[in-house]
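Down below is the structure, laid out as structure tokens.
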Amino acid sequence: MTVLDRTPPIRTASPASPASPASPASTAVGAAQRAAGPIGIGLALAALATVVWSGSFVTSRALADSVPPIQHAFWRWIIAIVAVAPFAARQTWRQRALLRKHIGFLLAASLLGVTIYNTLVNQAGVTTTAGNMGMIMAASPVLMAVYERLGGARLGARRVTGMLIACAGVLVLVSGGSLSMDFAVGDLWVIAGAVSFGSYSALLKRKPAEIGGLPFLFATFTLGALMLLPVFVASYVLQGGFEPTVGTISLLLYVGVVSSAIAFFAWNKAISIIGAARAGVIYYLQPVCVALLSFAVLGEAMGWLQVMCMALILGGVVLGAARAKPRSE
């Protein structure tokens, strides 16, 4: 884990050539080479989280008929806590005073990223396809851009246009092409989940730098599971439990260890390295990953409407995330 925090040493110029100052071009190249390492790591971590989370949409759909959504979410985070504890418990204890100091931030992050987001996605899996979930969630970076604008950042015409195109793709998808606003219940759950995830990702920009990545992860998982506990108890009383089989346990281990502990650490670390906006660009690959996985694992068909909406969403978010080329002098 600590390898990600290291920066390569910067080589100094040889003392034998003091009279040969570096040219602006060579200075720029050197700066680019030094930046390529951390940026490459950040992009790779964002890609890892995106691919893994694509699988979690498929598991939400696969477990929808056997495990109640709230119980699915609760056991996911219990497994994640157990997986992270051996690596994070000691650091979390050392930073307990710091965590108490920022308890308001931790509660907000836990509520949005742990308690609400995945519970809504699991609930959506009961009445909509994994492909639809992935495509709708791909629009969540639009909300990140909205938060940036509220924070004073200028979005520009290209980014606003891309956001509008992506939103149009989502509307066409969830309305079945009729634009009658007669959305499937599951699609609405996913839209709410996208709002929650976008808010969580934007909130990560305010994470106190002194809180370590693992203590933050362990604290948010624990607080999120505690906030979910009353709803879990109600679900167990009203709906009963589920039969633990090899299939259900395997899928819960995947979402608990891989999709929660590993993916959330990778995503949080990626944002700390490259920022939410650039990580959001990688997140746009999720619909393609989900569509391929849902076709291969669940046998979900992809019709012309889904393909068209995927093109609109991906085209819109890529256009909105692209930076304008600097004007030549």
*Which FRET efficiency, nearest 0.05, do Val307 and Leu107 yield, Cβ-Cβ r, R0 56 Å?*
0.85
*Please give, to one decimal in nm, the separation of the simple spin-label points placed at Ala192 and Phe295, each 7 Å out from Cα toward the Cβ.*
3.2 nm
*Treat each spin label as a single point 7 Å out from the Cα along the C-beta direction, and report the Arg206 to Val146 distance in nm.*
1.7 nm
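Read the figures in this text as sums done on the coordinates, not as results from a lab. None of the values given here were measured: they were computed from a predicted structure. Ideal geometry is used to build each Cβ from the backbone, glycine not excepted, and the neighbour counts take in all protein chains shown.
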